[in-house]
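Written below as structure tokens is the structure these notes are about.
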Amino acid sequence: MTAPNEPTEPRVKRPISRRDFIKALSASAVAGGVLATAFKGYLLTPSQKEEYTEALADTMGKLPKRRFGTRMGKMEVTPIVMGQDWSSELYAAGLAAGINYVHKAGYWRRLPEEFAKVKRESIIMEVCVDSTPDNPDDEEGAYRQVTTALERTGLKYFDIFKAHYGWKTVKEMKEKRGTYRAFERLKKEGKVKYFGVSQHEYIPYPEIIAAQIEAGEIDSIQLFFTYGAPQATVDILEKAHNAGIGIMAMKVFATGSRKMAANPARMTALRSSGKVGRACYRHVLELRGKNGKPIVDCAVTNVRNFDQFEENIGAVASKSVALDGYDFIA
């Protein structure tokens, strides 16, 4: 079954002439329409894709930035960030939209040329270290994964060392410290800066996040979070954010799309009627704590085509927000 923001693509795409390409591009721009719809079913040449990307960025506008907690200095991120596993043809569009964070950058076999052109200090690169759930005491394995990734990509350092998948128990987090020891070594060598965790759903979030707050070592937390999340999870996230921890949501569409699609009134309130992905991301990013500030700093999305890019990134892009009449507060 095709997900709501994953439209079925024609089996065979056809080329489009230069004249028809410019005509469709101009018509969409004038109407403020969805470019992906105008070119659905067409096979674009490399030069057409480049023009398309530029027009897309101009139509949607730039993304704002938010402070990413307070434990990482004055680090700011766009409310939606990209993953290493995006379709590579979308990298340029993401950078043009102002996205400044790459989740799982350490998995690249080499640094994509789009990022080789960007000043290293202008983009946040993260490495997900896989020792945590099954081998949390494997200090050497964690250390090697990071140094090997730096060699492959040619990056001088990773901004965030993220314990991928997280711990399966609080006891393991407190007693099996190999992953964290690897981080400390790498930080002393200038190869990483901050420590984060991508906490998957091994144990209830309130329990593990409470322990992570108490430990005082974690600078950012990434977790499954979407529309319909339990109030206990919302409460512990607010506590973590108030403690200075940067919060990143993941699986926002994958785990929330059905619930959101079943609530058209909520989608209308979010100015996202017919765009389930856009509604899911707006819901998560507009959630505010008792102090009136956002609880979630950013969300990572895995977009595979331009349709998804427009729907999801358009949740916060300046011109898309204005066209929707949505009041997004950065």
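The values are calculated or read from the model by the stated rules, or taken from the named source; none is laboratory data. Remember, predicted model here, so these are calculated numbers, not experimental data. Cβ sites come from the backbone with ideal geometry, for glycine too, and all protein chains shown count toward neighbours.
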Practice task
Kindly provide the set of residues from the stretch 157-170 that are modelled with pLDDT of 95 or more and of a type in the set (D, E, K, R), ordered by number.
Solution key: D159, K162
Exercise for the section: Give the residue, chosen from S272, S257, that is buried (at least 22 other Cβ atoms within 10 Å of the Cβ) and closer than 30 Å to Y91 by Cα. Expected result: S272
Exercise for the section: Would you check if Q222 is over 17 Å from the mean Cα position of the chain (by Cα) and of a type in the set (S, T, N, Q)? Expected result: no
Handout entry: Among residues of the stretch 112-140, those that are of a type outside the set (D, E), out of contact with any strand residue (DSSP E or B) (no Cβ under 7 Å at 6 or more places or on another chain) and without any contact (Cβ under 8 Å) to a residue 40 or more places away in the chain, counted
Key = 8
Problem - Total residues in the stretch 123-150, condition within 16 Å of Y194 (Cα to Cα), within 19 Å of the chain's Cα centre (by Cα) and not in a strand (DSSP E or B) - result: 1
Practice task
Please list, ordered by first then second residue, the pairs with beta carbon atoms under 6 Å, 6 or more apart or interchain, first in the stretch 221-237 and touching a residue at least 12 places away in the same chain (Cβ under 8 Å) and in a helix (DSSP H, G or I), second crowded, with 20+ Cβ neighbours inside 10 Å and not β-branched (V, I, T).
Solution key: T233/Y205
Fill in the blank from the handout: Picking from L25, L56, L90, the residue that is crowded, with 20+ Cβ neighbours inside 10 Å, modelled with pLDDT under 75 and part of a helix (DSSP H, G or I) would be L25
Handout entry: Scan of the stretch 159-173 for residues that are of a type outside the set (S, T, Y) and not in a strand (DSSP E or B), ordered by number
Key = G166, W167, K168, V170, K171, E172, M173
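Given the stretch 241-330, what helices (runs of 4 or more DSSP H) lie entirely inside it while holding 1 or more residues that are more than 23 Å from E54 (Cα to Cα) and in contact with a Ser or Thr (Cβ under 9 Å, 6 or more places away or on another chain)?
Details: elements: 257-261, 264-269, 276-286, 306-313, 318-324.
Once the helices (runs of 4 or more DSSP H) in the stretch 241-330 are filtered for at least 1 residues that are more than 23 Å from E54 (Cα to Cα) and in contact with a Ser or Thr (Cβ under 9 Å, 6 or more places away or on another chain), what remains is 257-261, 264-269, 276-286.
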Exercise for the section: Starting from residues that are more than 14 Å from the chain's Cα centre (by Cα) and buried (at least 23 other Cβ atoms within 10 Å of the Cβ), keep the ones in the stretch 59-74 and report whichever is farthest from E238 (Cα to Cα). Expected result: M60
Problem - Residues of the stretch 180-204 that turn out to be under 13 Å from Y157 (Cβ atoms) and without any contact (Cβ under 8 Å) to a residue 40 or more places away in the chain, as a count - result: 4
Completion exercise
Over the stretch 201-228, the set of residues surrounded by 20 or more Cβ atoms within 10 Å (Cβ to Cβ) and either among the hydrophobic types (A, V, I, L, M, F, W, C) or closer than 22 Å to T301 by Cα (or both) is Y205, I208, I209, I218, D219, S220, I221, Q222, L223, F225, T226, Y227
Exercise for the section: Take T153 and decide whether it is within 20 Å of M72 (Cα to Cα) and within 24 Å of the chain's Cα centre (by Cα). Expected result: no
